[in-house]
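The values are calculated or read from the model by the stated rules, or taken from the named source; none is laboratory data. Because the structure is predicted, anything quoted here is derived from the model rather than measured. Ideal geometry is used to build each Cβ from the backbone, glycine not excepted, and the neighbour counts take in all protein chains shown.
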Amino acid sequence: MSDLKAFESALEQKLAEQKAEVAHVTEKASKQFDSKVEQINEEMVKANKTIAEAVAEVKEAKAAFGKLSANAEQRVAKSYGEHIENIKSEIGSAIEKGWNDIKTAARGNGKGFNFEMDLKAVGVMTIGNNLTGSVYTSYVDNPFLRSYVNPHLRSVFNIIPVSTGSVSFPRGNTPVGEGSFGKQTEGSAKPQIDYDVTVVNTALSFIAGYAKVSRQMIDDLPFLQAYLQSSLIEDFQKAEDTYYLNAIASSATAGSTSGANTAEKFIDYVAQLGALNWTPNLSLTTHAGWAGLLKTKPSDYSVPGGVVIDNNGNVRIVGVPVIPHSLVTSGKIYVMDTTKFAIAQQSGLAVRSTEFDQDDFIKNLITFRCEARCELLQFQSSAAVYGNI
C-alpha cells in the first residue's frame with residue numbers, strides 16, 4: 001500500500017497548501033473590505049452621500065469579496081479533483097496489470113488485491129522480483145532417454161529371409177527311427193533300419209505397434225523423431241524376445257540337477273545338454289542368477305572347476321558364456337545350442353510414418369508404425385535346457 005499512502009500524503013500536503021492560500025486570500029480580501037467600508041464612510045462624510053448610496057457601495061464591495069472566496073474555493077476543488085483522478089488512474093493501472101492474480105485471490109488461491117497494489121522499494125535485482133517471464137533455458141541432448149535390453153535374440157539367432165508367411169522344414173524324430181546297426185554273421189541278413197521325419201509347418205505373424213504424435217510436437221522437439229524410432233524398435237524386440245523365450249521354454253529339455261548351489265546347477269545343465277549331443281554355446285539367466293553364480297562359495301570359498309570370471313565380471317562355465325537377461329523368468333536359466341534355432345522373416349523390421357492414417361491429415365497428426373512378419377524356427381527344440389537356479 002506504499003504507493004497509495006504516498007498519494008494520500010501528497011494530497012494532504014496539497015490541501016494544506018490550498019487551505020493556507022484560501023486563508024491568506026480571505027484575510028487579504030477582508031482587509032480590503034474593511035478598508036473599503038472606511039473609505040466609503042469618509043467619502044460619505046466628505047461628499048455628503050446618502051445612506052442609500054453608501055449601502056450600494058458596501059454591497060458591491062461585499063460581492064467582490066464573495067467572488068474572491070469563490071475563486072479560491074474553486075481552485076482548491078479543482079486541485080483536489082485532479083489528485084483524485086490521478087489516484088483512480090493508478091488504481092486502474094494496478095488492477096489491469098494484476099487482473100489474473102486478483103481473480104485467483106477471489107478463489108482463495110492468490111496473494112490478493114492489496115498485494116498487487118504493493119510497489120517494491122528499490123533494492124537488489126533478483127529473478128523473483130525483477131523478471132517478467134522465464135529465464136533462458138540451455139538445451140542439452142540426452143543420449144540416455146531410456147534403458148535398452150541386451151542382448152536381443154535377433155543378435156543371437158540367425159535370421160532367414162523368406163518370401164511367404166508360411167514356412168516348412170523337416171525335423172528328424174527322437175528317437176530317429178527303428179532298427180540299429182550290428183555285425184553281420186556269415187550268410188545272415190544285415191540289420192535293417194528306418195528313419196522317421198516330421199515336416200514342421202510354421203505360420204509367420206506380424207509383431208507390430210504404432211504411435212501417434214502431433215506435427216507440432218515433432219517440430220518443437222527436435223530429438224523426438226529419432227527417439228520414437230529407437231523406442232519403437234526396442235519395444236518390438238522386447239516383445240519378440242518374450243515370445244521366443246516362452247516358445248523355447250515350452251518345448252525345451254527340462255533341466256535336471258542335483259547341485260547344492262547355483263554354480264553346480266549351471267554345470268549340471270551344461271552337462272545335460274552335452275549328453276544330448278548338442279554343443280552348448282550360450283546360457284541366459286536372470287541378473288539375480290548371474291549374481292548368485294558370482295557369489296557361490298562352498299566351504300573353501302571357491303567356485304567349482306570350469307567356472308571362469310574375468311576382470312569385467314563376465315562369467316563362463318566350461319567355456320559357455322553366462323549372460324544376464326532382464327526378460328528371463330525369475331529363477332530360471334536357459335542353456336542353449338543357438339545354432340539349432342533361427343528367425344524366419346518375411347518382411348524386415350522397419351519403422352514407417354504417414355500422415356494419411358484415418359484423419360491424421362486433418363488433425364495434423366503423424367502415425368509411426370513398427371512391425372515385422374516373423375517367427376522362431378526351432379530346428380531342434382531339445383537343443384535347449386530350461387531349468388531352475
Under 6 Å between Cβ atoms, at least 6 apart or on separate chains: pull out the pairs that start in region 196-207 with a residue that is within 27 Å of residue 176 (Cα to Cα) and end on any residue that is hydrophobic (A, V, I, L, M, F, W, C).
200/169; 202/167
Which of (1) surrounded by 15 or more Cβ atoms within 10 Å (Cβ to Cβ); (2) at pLDDT 95 or above is the odd one out, the single condition residue 364 does not satisfy?
(1)
Taking residue 308 and the conditions (1) surrounded by fewer than 15 Cβ atoms within 10 Å (Cβ to Cβ); (2) out of contact with any Lys or Arg (no Cβ under 7 Å at 6 or more places or on another chain), which numbered condition does it fall short on, given that it satisfies the others?
(2)
Qualifying residues in region 218-268 (those that are of a type in the set (S, T, N, Q) and part of a loop (DSSP other than H, G, I, E, B)) - the one nearest to residue 143 (Cα to Cα):
261
For region 165-179, how many residues are surrounded by fewer than 10 Cβ atoms within 10 Å (Cβ to Cβ) and modelled with pLDDT of 95 or more?
2
Any chance residue 234 is in contact with a Lys or Arg (Cβ under 9 Å, 6 or more places away or on another chain), surrounded by 10 or more Cβ atoms within 10 Å (Cβ to Cβ), under 17 Å from residue 145 (Cβ atoms) and not hydroxyl-bearing (Ser, Thr, Tyr)
yes
Only residues in region 241-264 that are not assigned by TED's automatic domain parsing to the domain that holds residue 316 and aromatic (Phe, Trp, Tyr) count as the first member; pair them with residues that are part of a helix (DSSP H, G or I) and buried (at least 18 other Cβ atoms within 10 Å of the Cβ), Cβ under 7 angstrom, at least 6 apart or cross-chain, and list the lot.
none
Does residue 247 count as crowded, with 17+ Cβ neighbours inside 10 Å, farther than 20 Å from residue 360 by Cβ and touching a strand residue (DSSP E or B) at 6+ places or on another chain (Cβ under 8 Å)?
no
